[in-house]
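So the structure is just underneath, and the comments pick up after that.
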Amino acid sequence: MDSAVLWQHIDGQRRDIADLIDFLDQAQLRTPSLCAGWTVRDVA
């Protein structure tokens with residue numbers, strides 16, 4: 001896989017994650033994550 005194709009995949013995954021984060025409400029963002037002391041928002 002050349003680097004241009006690799007970056008296209010990375011960009012797509014970043015957009016998917018951003019869309020998921022946008023879908024979460026404030027209560028979900030305040031939920032504790034699996035990282036001690038961090039919320040979902042902190043990790044995102």
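Numbers below:
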read-out	value
Selection from PRO32, ILE17, VAL43 lying farthest towards where the dipole of the chain points positive, charges on Cβ	PRO32
Whole-Å semi-axes of the ellipsoid equivalent to the range 1-43 (Cα gyration tensor, √5λ, descending)	28, 13, 5
Built amide H within the under 5 Å cut-off of THR39, gap 5+	SER33
Loop trypsin sites (Lys or Arg not before Pro), the chain, which have at most 14 other Cβ atoms in a 10 Å radius of their Cβ (DSSP)	ARG30
The chain, dipole about Cα centre (Lys/Arg Cβ +1, Asp/Glu Cβ -1), debye to the nearest 20	180 debye
Principal-axis tilt of helix 3-23 within the chain, Cα atoms, nearest 10 degrees	20 degrees
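Throughout, read-outs are computed from the coordinates displayed, never taken from laboratory work. Not measured: the values here are computed from a predicted model. In this analysis, Cβ positions are derived from the backbone assuming ideal geometry, glycine residues included, and neighbour counts consider all displayed protein chains.
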